[in-house]
Amino acid sequence: QVRLVESGGGLVQPGGSLRLSCVASGSIFGIMGWYRQAPGKQRELVATIRIRSGGNTNYGDSVKGRFTISRDNAINTVYLQMNSLKPEDTAVYYCIAGLGFTSPNYWGQGTQVTVSS
């Protein structure tokens, strides 16, 4: 059974930082990463990383230069370092895992990130 367990969400002021973590179990994945969904908006890509094959990363345009995704294969964990946070980054952030190298096959429960003063 695949499990994705997220942690690290919370409330932060604009300009602040947060780090999300996602621990995966139950399968061997090609990619892991994060999507997010804000109220009234469609779910969007935040970042993905290849678990094998060089660790290639892919970022959504709105987070490039501010967010960094990384992985620790030894403990099946992916991290999302979020810097220079903006109110528009407020959303539920979902950890994802894919068996291939493109689309998600599995989703976590989500963790709330709120950027507000």
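The values are calculated or read from the model by the stated rules, or taken from the named source; none is laboratory data. For clarity, every value in this text was computed on a predicted model and none was experimentally measured. Neighbour counts run over all protein chains shown; Cβ positions are idealised from the backbone, glycine included. Areas reflect the complete protein model, heavy atoms only, side chains present, ligands, DNA and RNA absent. Shrake-Rupley method; radii C 1.70, N 1.55, O 1.52, S 1.80 Å.
If the condition is being outside any strand (DSSP E or B) and open to solvent by 60 Å² or more (accessible area, probe 1.4 Å), then region 1-16 contributes Gln1, Gln13, Pro14.
Taking the stated definitions as given, is Asp61 within 16 Å of Cys95 (Cβ to Cβ), more than 13 Å from the chain's Cα centre (by Cα) and open to solvent by 10 Å² or more (accessible area, probe 1.4 Å)?
Numbers: within 16 Å of Cys95 (Cβ to Cβ): no; more than 13 Å from the chain's Cα centre (by Cα): yes; open to solvent by 10 Å² or more (accessible area, probe 1.4 Å): yes.
It is false that Asp61 is within 16 Å of Cys95 (Cβ to Cβ), more than 13 Å from the chain's Cα centre (by Cα) and open to solvent by 10 Å² or more (accessible area, probe 1.4 Å).
Scanning region 85-117 for residues that are open to solvent by 40 Å² or more (accessible area, probe 1.4 Å), touching a Gly at 6+ places or on another chain (Cβ under 6 Å) and farther than 22 Å from Gly30 by Cβ gives a single hit, Gln112. In the set (1) farther than 21 Å from Ser17 by Cβ; (2) assigned to a loop (DSSP other than H, G, I, E, B), the condition left unmet by Leu85 is number (1). Applying the criterion of being polar (S, T, N, Q) and assigned to a loop (DSSP other than H, G, I, E, B) to the residues of region 91-117, the residue that is farthest from Gly40 (Cα to Cα) is Thr102. Go through region 78-117 and give me each residue that's closer than 16 Å to Tyr35 by Cα and among the polar types (S, T, N, Q). Answer for region 78-117, where residues must be closer than 16 Å to Tyr35 by Cα and among the polar types (S, T, N, Q): Gln81, Thr90, Thr102, Ser103, Asn105, Gln109, Thr111, Gln112, Thr114.
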